[in-house]
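Right, one structure below, let's go through it.
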């Protein structure tokens with residue numbers, strides 16, 4: 001029977017980073033312009049621009065509160081997850097709001113159905 005190794009402090013800190021949507025996106029991807037490419041060992045983390053931080057969803061950090069009604073719990077999730085994302089071209093709207101958020105939601109919101117809509121102006 002093989003012995004299980006304990007997590008090092010560095011590995012534990014990395015696992016804790018995956019619970020934060022900002023650091024999770026930066027740790028999982030190395031280049032937001034090309035999500036399928038891993039960077040060199042010197043540059044392995046992607047970085048959100050300051051203008052993109054408001055676009056990141058924090059929905060999965062909201063826990064169900066037994067003392068609140070279903071509607072109040074839904075309103076908490078809706079407040080954390082809904083976003084009206086307006087901006088110019090090359091701002092990162094699609095990348096952050098759709099692509100990055102979808103991939104992170106798959107990990108953190110197991111069993112949830114997700115709906116995306118597009119309304120052209």
Query raised in the report: Consider residue 73 against the criteria (1) surrounded by 13 or more Cβ atoms within 10 Å (Cβ to Cβ); (2) closer than 29 Å to residue 13 by Cα: it satisfies all of them except one. Which criterion is unmet?
Result: (2)
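Somewhere in the stretch 30-40, is a residue assigned to a helix (DSSP H, G or I) and either at pLDDT below 85 or crowded, with 16+ Cβ neighbours inside 10 Å (or both)? Steps first, answer last, please.
Initial filter on the stretch 30-40 (assigned to a helix (DSSP H, G or I)): none.
No: zero hits.
The values are calculated or read from the model by the stated rules, or taken from the named source; none is laboratory data. Not measured: the values here are computed from a predicted model. Cβ sites come from the backbone with ideal geometry, for glycine too, and all protein chains shown count toward neighbours.
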